[in-house]
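In what follows, a single structure is set out as structure tokens and then discussed.
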Amino acid sequence: GEVLGLEGTAWNLSAAVFGDDLVALHSSPYAPPTGGIHPREAAQHHASVMREVIARVLPAAENLQAIAFSQGPGLGPCLRTVATAARALSLALDLPLVGVNHCVAHVEIGRWATGFDDPIVLYASGANTQVLGYLNGRYRIFGETLDIGIGNALDKFARSHGLPHPGGPVVERFARDGNYIELPYTVKGMDLAFSGLISAAQESKAPIEDVCHGLQETGFAMCVEVTERALAHAGKDEVLLVGGVGANSRLQEMLREMCEDRGARFAVPERTYLGDNGAMIAYTGRVMLEHGALLPIEESQVRPGYRADEVPVVWRSEPGE
Ligand code: ATP
Ligand code: FE2
């Protein structure tokens, strides 16, 4: 049977049906008219397209078994809109609910899409920048940003120069024609911080191409350093890149080179599964359902600060089992 998954932690309302493979996927991204994402406006967007987005995938299911939704982390109003729809579907169709951690879902769909078994994961998105790896029943967070996610950092920089949202792809295009300039590099232990880098980039008088180039080289080198150290520390031999910033070809290249030097393998899932999408929720929900990880409706309140390491990963066996 299949599971229907609903994702809507931030800018994208997306629904999917996942069986043995992806059956149907439909997304409705919210683009803020100006500035960044306002949580209540994004939630209103999600509510206004909810019926249509679900209706685009639901008929593709032949034997639906459960309703999965992204329980957190994310923007409170967006999460509540999605959870309300998931509960309504669960009651109307008399199907169990599965509450999926958004970060874990990025990792699981990435493993499915690449065939990697036990990778160190660089999860680089708008709101998140984390390095994760599986150890003793949990996804451990080896290192993470102490301030903002690298994607939001790039978006903020682009906005300050009057460039369109999302900023990541715009910065990538400028960076191709630029030369390296030095900008502040901040790695503290295993953690990262981007606000110093962004302020310095915003204040720089260098040509925009050079600032974008320096911004990418510095921000990505920070991510690669923490990923490399987690790889060495955990003794793993695969690196998986997930999250919207994973679309960046320079970041991919830098990780691939690091992996080659260490004799590790590198992979990045295809675009469909990289940024926020309903398929990752439906897929992870199905794996959780198979292992009995259901969510009673009275425990289905949203979890805006839900961390990956709070999730008991009951669906993965220990090495050697
Ligand atoms: P999360 O809730 O996991 O933090 P998100 O809501 O930020 O996710 P994603 O789809 O994972 O959504 O990522 C969006 C981010 O990816 C944006 O900040 C955008 O600028 C960035 N991005 C997209 N394409 C590129 C690119 N080519 N280079 C760099 N950044 C990119
Ligand atoms: Fe995400």
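Readers should treat all values here as calculations from the given coordinates under stated rules, not as data from a laboratory. Note that the coordinates shown come from a computational prediction; the quantities given were computed from them, not determined experimentally. For neighbour counting, all protein chains shown are included, and Cβ atoms are generated from backbone atoms with ideal geometry for every residue, glycine included.
Things to note:
- Paired Rg and Dmax values of the stretch 116-272, which use every Cα atom, in angstrom: 15.0, 49
- Computed from Cα atoms, the angle from the helix 76-93 axis to the main principal axis of the chain rounds to 30 degrees.
- Normalised by residue number, the volume inside the convex hull of the Cα atoms of the stretch 261-321 is 166 Å³ per residue.
- Label zone at residue 118, where the point sits 7 Å out along the Cα-to-Cβ direction: the stretch 219-258 residues whose backbone N lies under 13 Å: 234-238
- Taking every alpha-carbon pair under 8 Å whose residues sit at least 6 apart, the chain reaches a relative contact order of 25 percent.
- Angle in degrees between helix 208-234 and the longest Cα principal axis of the chain, rounded to the nearest 10: 60
- The stretch 273-321 and the stretch 1-74 have Cα centres spaced 16 Å apart.
- Degrees between helix 249-262 axis and first principal axis of the chain (Cα, 0 to 90, nearest 10): 80
- Beta bridge orientation in the chain: antiparallel %, DSSP, nearest 5: 60
- Amide H partners (placed H, <5 Å) of residue 66, local residues excluded: 4
- Lysines with Cα under 28 Å of residue 156, excluding same-chain neighbours fewer than 8 positions away: 188, 205
- Judged by the mean number of other Cβ atoms found within 10 Å, the most tightly packed of the peptides 180-187, 273-280, 163-170 leads the ranking 273-280, 163-170, 180-187.
- Whether the chain is rounded, prolate or oblate, judged on the alpha carbon gyration tensor where a/c under 1.5 counts as rounded: oblate
- HN-Hα J in Hz across the stretch 37-44 - Karplus 6.51, -1.76, 1.60, θ = phi - 60°, x for Gly and Pro: 7, 8, x, 5, 5, 5, 5, 5
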